[in-house]
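A short write-up of the structure that comes next.
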Amino acid sequence: MDVLYVDTLTYVQGNMYIVASDEGLVYIGTPNAPFEEVEVWAKKPFKGYRFEENKEKLQGYVKQFTAYFNKELTEFNLPIHVKGTPFQLAVWDALKELPYGATTTYSDIAHRIGNPKAVRAVGSAIGANPILAIIPCHRVIGKNGKLTGFRSGLAMKEFLLELEKV
């Protein structure tokens, strides 16, 4: 049976679960959410996997996220193992191209992936992003410059954008 390794990442705003497979990071949990959030999320993309707490296996991931939250890291160098539709993967790849401290709009992401009319679908794909910060969906804001939906809540989105102010 395949394994998803789990550890808790502690940072200034609390705790979040960090989850990886042997291939790479698969999920960063919502801050201070119960483990059930991880279990519910994993049912579809990682059906049949079992969870195993393993601090040693996730040590490198925790180290980089801790450095990021301490403003000591602006670019992650971690393997990721995401599963999604081809459209979601295209959106997530476009998000990974966004530089630290920059913001963009849903419309811009739709244009970047060659589907300018798919703005709402881009929003849905961004909402399904399993990996906070590495796939930087927090850098996507409304056309009017206002903060819009975020899986981890608008307070977390604002926190990440403030953290990345250059």
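Each value in this text was obtained by applying a stated rule to the coordinates, not by laboratory testing. Small disclaimer: the values here were computed from a predicted structure and weren't measured. Here the Cβ is made from the backbone with ideal geometry for all residues, glycine too, and neighbour counts use every protein chain on show.
As a proxy for reagent exposure, ranking Val140, Val91, Val12 by other Cβ atoms within 10 Å from fewest up yields Val12, Val140, Val91.
Can you compute the FRET efficiency between Glu37 and Thr103 using 1/(1 + (r/R0)^6), with r the Cβ-Cβ distance and R0 = 25 Å? Round to the nearest 0.05. About 0.40, to the nearest 0.05. Would you mind checking the tilt of helix 154-163 against the longest principal axis of the Cα atoms of the chain, expressed as 0 to 90 degrees and rounded to 10? With rounding to tens, the tilt is 90 degrees. Evaluated on the range 24-109, the Kirkwood hydrodynamic radius is 15.2 Å, with distances taken between all distinct Cα atoms.
Between the amide H of Tyr27 and those of Val19, distances stay under 5 Å, these residues lying 5 or more places away or on another chain, with hydrogens modeled in the peptide plane. Normalised by the number of residues in the chain, the average gap of Cα pairs under 8 Å and 6 or more apart makes the relative contact order 21 percent.
Each 5 Å bin from zero up to the one holding the largest Cα-Cα distance in the chain carries the following percent of pairs: 2, 8, 18, 22, 21, 16, 9, 3, 1, 0.
Residues considered: Leu25, Leu154, Leu58. Largest GNM mean-square fluctuation over the chain, using C-alpha springs under 10 Å, is found at Leu154.
Rounded to 0.05, the FRET efficiency of the Lys117 and Thr74 pair, given R0 = 25 Å and the Cβ-Cβ distance, is 0.15. Once both labels are positioned 7 Å from their Cα atoms along Cα-to-Cβ, the gap between Lys83 and Gln13 label points is 2.8 nm. Residues within the reach of a label modelled at Met1 (point 7 angstrom out along Cα to beta-carbon, backbone nitrogen below 19 Å), restricted to the range 11-44, are 19-23, 35-44.
Each residue of the range 94-99 is assigned a 3J(HN,Hα), and the resulting list reads 5, 5, 5, 7, 6, x Hz, derived from the Karplus form 6.51 cos²θ - 1.76 cosθ + 1.60 (θ = phi - 60°), x at Gly and Pro. Note that the range 69-84 has calculated 3J(HN,Hα) couplings of 5, 8, 6, 9, 9, 10, 9, 7, 10, 10, x, 10, 9, 9, 10, x Hz, one per residue in order, obtained from phi through the Karplus relation 6.51 cos²θ - 1.76 cosθ + 1.60 (θ = phi - 60°); glycine and proline are x. The number of Lys pairs in the chain with C-alpha atoms less than 14 Å apart, excluding pairs fewer than 8 positions apart on the same chain, is 8.
Normalised by the number of residues in the range 86-163, the average gap of Cα pairs under 8 Å and 6 or more apart makes the relative contact order 32 percent.
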